[in-house]
Ligand SMILES: Cc1cc2nc3c(=O)[nH]c(=O)nc-3n(C[C@H](O)[C@H](O)[C@H](O)COP(=O)(O)OP(=O)(O)OC[C@H]3O[C@@H](n4cnc5c(N)ncnc54)[C@H](O)[C@@H]3O)c2cc1C
Ligand code: SF4
Ligand code: SF4
């Protein structure tokens, strides 16, 4: 049977070369999984479906049956990974994301490479995002949330979908709407150039949706890609299994009023810093756009805080703060970085070596500053106790970064209610089987990523791959291990 050059090209462009070939037969494009002849095994970052497991899948999957359907809730790295792994098993996947863009928190992160890669995982998210949008078995619903869910033999659901107001087929990403919009935050831009479309309209900030006073972007768009009229839509569907990958929210430092977040521009969160490094490639003081000479990180903001009923450790902040400090040192060797901490969470195989290396050029102070005061020239004064003799120190910094922790996602309670799932004492989704963190009390519903509890990108991807495997066992498209 002839395999045309164009068909092969389309395979490559679709990023599917590793999992499928396309054959043009009687004018129809057929997708045929490549399952033999290579020796792909369990590997890092979530691609846990080995060649052997994919082969087992082919034995359990009858070609006469319509593909089983899976609903993945949340388009962060957990949802992207679960969706992609499920599609590799030839399952039909609907991926529901409530915001305008895929990628969740991690697509906002910068590459933290210094003289060598620091394995922060940011580039993995970009790669997985691209794989998902090019995978024909995954249908993405942006700005969508589940409104109703019923369970009989399958899950029946209704989604409510708000419009992006920008037609992805027409938009060329010229950015004119973003540049010329007179209202702050009304046209928003995705963090990755692979977001399709790259721009969307946020009706909560656009005056058109309040009083109809503006339609400038509609008129300006050279492609006529903008239409401000569509009403929210409803989409109904059925699924055989569900993966909950609805993620987390960062701790809001306004809830630690002694730091005064929101008052001094030079007091920012680690997420603000990630976005700044991603967008500008350097660290600049928000008050004057100058490179800061003295930068402080304050660890455990919102984590391990019993007064706030957040007794748990967020597990990622020590690692991300040190990697970020390394990236700053590399980009601005003259800048002095201090990390204030109570304990360093030793996570990962090479973490202690990395910590030792960081100590060469990062100052670590084991004391959590109590108050932050306004200094001269927009500096911030941190008050802390000296480690040796305990005397109190007041030290000025040009920029202070709050290492905010991972908190349960804002829709956990409503999702738990709709899917009849349990939440743990902190508000994350509880797993039912102590040996399987993807399990829930409901058959056919599985957990992936930080919806279940704090974890970094690599662990999130690994767990999402495991959730996909559990779905495959549950649907009988892959035999359960004995
Ligand atoms: C400041 C900071 C820096 C970090 N830096 C690093 C780092 O350098 N390296 C690293 O490995 N880890 C880092 N992490 C951890 C990393 O952010 C997480 O591991 C990762 O983002 C988890 O992905 P997730 O998909 O579980 O959650 P999320 O990224 O939160 O994605 C969840 C998605 O689900 C969507 N959603 C939520 N509710 C619904 C709903 N009801 N319906 C539909 N969609 C919904 C959300 O809009 C979101 O897009 C950092 C964390 C923080 C806070
Ligand atoms: S002006 Fe039109 S084509 Fe340009 S980015 Fe905006 S919607 Fe897309
Ligand atoms: S209608 Fe006006 S305010 Fe709203 S997004 Fe378009 S240009 Fe911005």
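A short reminder: the numbers here are calculations on the coordinates, not readings from a lab. Source: prediction; values computed, not measured. Glycine gets a Cβ as well: all are built from the backbone with ideal geometry, and neighbour counts include every protein chain shown.
Some notes on this structure:
- Förster radius 51 Å - calculated FRET efficiency between residue 342 and residue 288 (Cβ-Cβ, nearest 0.05): 0.95
- Note on the chain: antiparallel DSSP beta bridges, both residues inside, total approximately 55 percent of the bridges counted.
- Cα-based helix-to-principal-axis angle, 457-475 vs the chain, degrees rounded to 10: 30
- Given R0 = 30 Å, the distance between the Cβ atoms of residue 213 and residue 418 translates into a calculated FRET efficiency of 0.20.
- Cα-based helix-to-principal-axis angle, 317-331 vs the chain, degrees rounded to 10: 70
- Highest mean first, the peptides 215-221, 229-235 sorted by other C-beta atoms within 10 Å per residue fall in the order 215-221, 229-235.
- Among 160, 352, 246, the ranking by other beta carbons within 10 Å of each residue's beta carbon, starting with the fewest, stands as 352, 160, 246.
- Scoring 407-417, 320-330 by mean Cβ neighbours within 10 Å over their residues and listing the highest first yields 320-330, 407-417.
- The modelled label-to-label distance between residue 234 and residue 184, using points 7 Å beyond Cα along the C-beta direction, is 3.7 nm.
- Cα long-axis angle, helix 122-133 against the chain (0 to 90 degrees, to the nearest 10): 30
- Taking 77, 344 and counting other C-beta atoms within 10 Å, the order from fewest to most: 344, 77
- Computed extension length for residue 167-residue 154: 1.4 nm, one decimal, from 0.36 nm per residue of separation with the Cα-Cα distance subtracted.
- Residues 166, 263, arranged from fewest to most other Cβ atoms within 10 angstrom of their Cβ, appear as 263, 166.
- Eigen-decomposition of the gyration tensor built on the alpha-carbon atoms of the chain gives equivalent ellipsoid semi-axes of 40, 28, 23 angstrom, largest listed first.
- Only helical runs count toward this figure. For the chain, summing -39,500 (n - 2.57) over DSSP H runs of n ≥ 4 and dividing by all residues gives -7000 deg cm²/dmol at 222 nm.
- Sites residue 387 and residue 361 - FRET efficiency at Förster radius 30 Å, r taken between beta-carbons, to 0.05: 0.95
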